[in-house]
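Here is the structure we will look at.
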Amino acid sequence: MPSDSVFLNLNLPNAATWFYFSALLAVALFFKFSRLFSIRNLDVIMLFLSVPGMLLLSDTIGGSRRLGYIWLVAATGYYFARCMIDLVLVRRPILSPNLNLAGLAWLAGTLYVSLLAVAARHPDERPPESPSEREDRSPTIIDEGLRSMIRKSPTVVESASFELLWVERALTLTCHLAVVAGLILIGWRHFNDIHAGMAAATFYLLLPYTHLLMPGRAPGVGRWDHTWPTALMVWAILAYRRPTISGCLLGLAAGSVFFPVVTFPAWLSFYWRRGARRFGLAFALSAGLCLSGVSVLLLTESDALRGLQSAWSLAGWQPWKQPPATTYGLWQGPDWSVHWAYRLPIFIVHASFLLATFFLPSPKNLAHVVALSAAALLGLEFWYADGSGVHVLWYLPLLLLLAFRPNLTGCQPQPPRADDWLGRIGTHITRFVLRPFRAQRAASPVS
């Protein structure tokens, strides 16, 4: 009898197929043929700029991989320049997608189902990784926490690894869904155009970066640590009118996966004199509680604690140290390298840029915060040694918000309220800390 699984015998497209298919479909959906020379059309095309570099990384030839990293760093430079240009783009014409809201919602749903199909692929069906494709495997705090919890189960090591794989996939799919929901709600609440929010969400699911089509290289399904902090940052943007909630979300992201902390100066300046105290306190408490909770969890596991210490001391995050031989990127490779000493001046320039985001522009609106947050994350790619330019999902939703946003000059924090309970707590803490100094000053004789 014929096989009863003939209708379920699906073959997932490879990376190149998905690249061409998604690019053609994106042009059909979002390209404005009546305004060929527009920023929107350029954004639609250039959001695919990093894909050729990732395709080159999947090649087994060393020269191709080197060219791939150069391509990715160049694409990162373009995105950084785009974020800087966005700071001066005030007038933004409304350019609706070529498909109505219901059609975009249906397409987004089907694309998310395709993500489920990618995640449901059995580990044995996944092509093996080559040693050169195992870069960017740096452990994070939550990674060690998950492994610690799984080690406590009375299963064999192979079963624990299998469970960890499915936990990571389920968490990544949930984070993708949170990003999509956040983009839709931002379009509805802050853009006053749910059509634009749905377009950004559909484009997010359509782009190849969200699908695990390049084994060991695409930061999509299976790389939860790229989508978890991004989802929290998207929801922080959604809740920008409430500094306490935004601070908690951003602090949770920074306390778990490190890199979102670079967006803190721009956010703090955004709330300056308009809720900065609430935002800063919420950020510190959230990040501190996250770090403390995971640290307590790992205290009972010596192996996990050593893994946590190694995560904090990775040379990839320390530009004054030479990357290890197992690191792959622009700064380190089996048959190429750019001398690691150049990372330090780039890091200094990036740190200076982060300091500048606190002062300029002033005052900031929501568009400035989105652009500067994306630029701060992009700046990491120039000196971070582990996988140069591959962390597209760190900032992809922010680039989509830049592409589809209207004029956001009116989106600014609300003035502080009289019943600001968190502000009162901060005031009491400040007075308590400064009381000994004031008493000493009052008791000292006046000359």
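Some notes on this structure:
- The stretch 43-76 - residue that is surrounded by 20 or more Cβ atoms within 10 Å (Cβ to Cβ) and assigned to a loop (DSSP other than H, G, I, E, B) and, of those, modelled with the highest pLDDT: Leu47
- Near pairs, Cβ below 8 angstrom, 6+ apart or cross-chain, from the stretch 83-110 (on the phi > 0 side of the Ramachandran plot) to any residue that is at pLDDT 85 or above: none
- Scanning the stretch 226-269 for residues that are of a type in the set (Phe, Trp, Tyr) and touching a residue at least 40 places away in the same chain (Cβ under 8 Å) yields Trp228, Trp235, Tyr240, Phe258, Phe259, Trp267.
- Residue match in the stretch 176-192 (condition: part of a helix (DSSP H, G or I), among the β-branched types (Val, Ile, Thr), at pLDDT below 95 and out of contact with any Ser or Thr (no Cβ under 6 Å at 6 or more places or on another chain)): no
- Boolean, Phe37 is among the hydrophobic types (A, V, I, L, M, F, W, C), surrounded by fewer than 18 Cβ atoms within 10 Å (Cβ to Cβ) and not in a helix (DSSP H, G or I): yes
- Top-ranked residue in the stretch 258-286 [being among the basic types (Lys, Arg) and in a helix (DSSP H, G or I); ranked as nearest to Ile237 (Cα to Cα)]: Arg278
Residue by residue, here is whether (1) in a helix (DSSP H, G or I); (2) over 30 Å from His190 (Cβ atoms) holds:
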site	(1), (2)
Pro345	yes, yes
His350	yes, no
Ala367	yes, no
Ala371	yes, no
Ala376	yes, no
Ala385	no, yes
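- The stretch 377-394, subset surrounded by fewer than 24 Cβ atoms within 10 Å (Cβ to Cβ) and touching an Asp or Glu at 6+ places or on another chain (Cβ under 6 Å), residue farthest from Gln322 (Cα to Cα): Gly387
- Residue selected from the stretch 307-333 under the condition of a type outside the set (S, T, N, Q) and at pLDDT below 65, by the criterion surrounded by the fewest Cβ atoms within 10 Å (Cβ to Cβ): Trp312
- Residue in the stretch 207-229 that is at pLDDT 95 or above, buried (at least 24 other Cβ atoms within 10 Å of the Cβ) and among the aliphatic types (A, V, I, L, M) present: no
- There is at least one residue in the stretch 365-379 that is touching a Pro at 6+ places or on another chain (Cβ under 7 Å) and not aromatic (Phe, Trp, Tyr).
- Exclusive hit being among the basic types (Lys, Arg) and modelled with pLDDT of 75 or more, set Arg438, Arg431, Arg405, Arg424: Arg405
- In the set (1) touching a helix residue (DSSP H, G or I) at 6+ places or on another chain (Cβ under 8 Å); (2) not charged (D, E, K, R); (3) not in a loop (DSSP other than H, G, I, E, B), the condition left unmet by Ala81 is number (1).
The values are calculated or read from the model by the stated rules, or taken from the named source; none is laboratory data. Worth saying up front: this structure is predicted, and the values here are computed from it rather than measured. Positions of Cβ are backbone-derived with ideal geometry, glycine not excepted, and every protein chain shown enters the neighbour counts.
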